[in-house]
Amino acid sequence: MTKRWQVDPVQVDPGHPAIREAADKLRQGEPVAFPTETVYGLGADAGNTEAVERVFAAKGRPADNPLIVHIADREQLVGLTAEPNELSKRLMDAFWPGPLTLILPVMPGAVSPRVTAGLSTVGVRMPDDPVALALIRASGRPLAAPSANRSGRPSPTRAEHVLDDLSGAIAGVVDGGATGVGVESTVVEAGTAGVHILRPGGVSAEDLRRALPGIAVTVAGEMNAGADPLTAASANQPPGAAAPETEAPKSPGVKYKHYAPKGALTLVTAREEGARTAWINAELARRKAQGERTGVLAAEERAARYPAADAVVVFGREAEPQTFARGLYDALRRFDEAGVTFILAEAVDEAGIGAAVMNRLRKAAGGRVIRLDDPTNPGE
Ligand code: TXA
Ligand code: MG
């Protein structure tokens, strides 16, 4: 049976009875889910291969997708990674604890090879959440923890989401209430060329640039935006250099379909607000006539403008873009509860945290994007 330990994040410490019980399970090699400031994670002792394998099994996660290791203080890096470079240390100073994962060279044998999926690096972060920190301290171990959802489902931002996906498959969940950020951590690699974002998340590119003036911050898949990858890559090469081969994604998880509700979701972008609302209502009416149960993912400011939808799910307010991140995954799960089979989602502004929200929406859409501004490409 899966236990649910309720804890008050304001009163938690490593000696709390629920935390001690959950930490005992972790030390015994049982997976336990816990809140972080981003999403709930499914934790296992990072050094225990059997425990880590249970996490992969419970999630149905592909074995080539490595896990992030969670620590409670910088001393836990000793023996886990090689000495981090100066830029990585500056990032830790600026953003830890917080939603930033650093890819660092792993010390051989420090964690189970299942955690790193055989890579020579390990993703590490220090969550900014009192429950997570208390649990890591009580267990006395770095905790490998992917998001605590079934693979491919929206990440959990409440204990209920974890139980919906994993009840019966894990020892328990520490319930510390809803998470604050709502999207996962930003995964970065820091080196001589600057900071490279492998996965956008709770720390935005703008946050990184503000904290590190003069340091280049690049985003995977965006460096050559709009151009043919080969041409653009060659353009960055010194004259005469060979064109690079197409690279495998450097953050293995980013190639998988993710965060998807059960209904088919299509993202709708448009510069002209009124045109989008009209198009969405017309398309919903057409789909409904074909027997679909329809839904719209909308900003609160526009929720009342979709009379054609069977279900309008609000995921945040345009006036406060961080609310889109906080509400996104819960909103995607609501479509499932409403039995919606066809979903149109409003695109959001990509500034700041909006980049991470749009990244997750594109994945949830599995590439289905309607660009109403682009006459050559509506309904790609
Ligand atoms: O906010 C978060 O990061 C949450 C909470 C629970 O901490 N965790 C999370 O884990 O999102 P997961 O497993 O769903 O995503 C981990 C991401 C994947 O894209 C994975 O490929 C990447 O981090 N990753 C992990 N280790 C890596 C490594 N050594 N090199 C490159 N990418 C790595
Ligand atoms: Mg995940």
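The values are calculated or read from the model by the stated rules, or taken from the named source; none is laboratory data. This structure is a prediction, so every number in the text was calculated from the model and none was measured. FYI the Cβ positions are ideal-geometry reconstructions off the backbone, even for glycines, and counts take in every protein chain you see.
General observations
- The range 352-370, residues that are assigned to a loop (DSSP other than H, G, I, E, B), touching a residue at least 40 places away in the same chain (Cβ under 8 Å) and out of contact with any helix residue (DSSP H, G or I) (no Cβ under 7 Å at 6 or more places or on another chain): Ala365, Gly366, Arg368
- Residue within the range 98-113 that is touching a helix residue (DSSP H, G or I) at 6+ places or on another chain (Cβ under 8 Å) and under 21 Å from Thr179 (Cβ atoms) present: yes
- Remark: pairs (first residue in the range 101-116, touching a residue at least 24 places away in the same chain (Cβ under 8 Å); second residue near ligand 1 (Cβ under 10 Å from one of its atoms) and part of a loop (DSSP other than H, G, I, E, B); Cβ separation under 6 Å; 6+ apart in sequence or on different chains) = Thr101/Ser185; Val115/Leu67; Thr116/Pro66.
- For the range 133-155, filtering for residues that are small (Gly, Ala, Ser) and more than 14 Å from ligand 1 (Cβ to nearest atom) leaves 4.
- Yes/no for Gly152 being modelled with pLDDT under 95, surrounded by fewer than 24 Cβ atoms within 10 Å (Cβ to Cβ) and part of a loop (DSSP other than H, G, I, E, B): yes
- Strands (runs of 3 or more DSSP E) wholly inside the range 29-117 that include at least 1 residues being assigned by TED's automatic domain parsing to the domain that holds Ala169 and away from ligand 1 (no atom under 13 Å from the Cβ): 41-45
- Residue in the range 71-89 that is in contact (Cβ under 8 Å) with a residue 60 or more places away in the chain and within 16 Å of ligand 2 (Cβ to nearest atom) present: no
- Among the criteria (1) more than 16 Å from ligand 2 (Cβ to nearest atom); (2) closer than 22 Å to Pro31 by Cβ, the one Ser147 does not fulfil is (1).
- Selection of the range 164-179 for residues being buried (at least 20 other Cβ atoms within 10 Å of the Cβ) and closer than 16 Å to Lys59 by Cβ yields Asp165, Leu166, Ile170, Ala171, Gly172, Val173.
- Taking the range 22-51 as the range and being away from ligand 2 (no atom under 16 Å from the Cβ), charged (D, E, K, R) and either buried (at least 19 other Cβ atoms within 10 Å of the Cβ) or touching a residue at least 24 places away in the same chain (Cβ under 8 Å) (or both) as the test, the residues that pass are Lys25, Arg27, Glu30, Asp45.
- Residue check for Ala211: surrounded by fewer than 19 Cβ atoms within 10 Å (Cβ to Cβ), more than 22 Å from Pro105 (Cβ to Cβ), at pLDDT below 95 and more than 16 Å from ligand 1 (Cβ to nearest atom): no
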